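Undergrad: Take this structure first; my questions come after.
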């Protein structure tokens, strides 16, 4: 098991990577809209509540992003034949083109960032980052921490 200092250093390095990536990417694109578009492309057509649940968004945030994407011609909204109270969202041709362009642009930038890395390091990084993402997903699927003040949980006491 890694020592506490190594675990803390890894956590700090991951947070720095996320922060740098988010700051640089979010200057050019709306990451939440890209996530909405990507989800609908991969699994659509979807109801807004399914999109919200999958991405951890509020209903109002989901509505705001879907309205903008529909106005931009990135998604198409159709009546839901199974439930007249809601609708289904699917990706429009322009939306798929945006996804493809975003992926290509991101891959090109990333290729420049790691251009001087040996192939073995790229392969190792991919394996380890994939493993980290899978562990994170398993952690998200784990039962939530018990409720109550943190100091009580730390001592093993609950109300």
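The values are calculated or read from the model by the stated rules, or taken from the named source; none is laboratory data. Quick caveat: nothing in here was measured; it's all calculated off a predicted structure. Note: ideal-geometry Cβ built from the backbone for every residue, glycine included; neighbour counts use all protein chains shown.
Undergrad: Is it true that residue 159 is modelled with pLDDT of 90 or more and exposed (fewer than 10 other Cβ atoms within 10 Å of the Cβ)?
TA: So residue 159 fails the test.
Undergrad: Which of (1) surrounded by 10 or more Cβ atoms within 10 Å (Cβ to Cβ); (2) closer than 25 Å to residue 24 by Cα is the odd one out, the single condition residue 92 does not satisfy?
TA: (2)
Undergrad: Quick check, is residue 111 closer than 21 Å to residue 20 by Cα, loosely packed, with under 15 Cβ neighbours inside 10 Å and either within 19 Å of the chain's Cα centre (by Cα) or modelled with pLDDT of 95 or more (or both)?
TA: no
Undergrad: Do we find that residue 84 is surrounded by fewer than 11 Cβ atoms within 10 Å (Cβ to Cβ), out of contact with any helix residue (DSSP H, G or I) (no Cβ under 6 Å at 6 or more places or on another chain) and not in a loop (DSSP other than H, G, I, E, B) in this structure?
TA: No, not satisfied.
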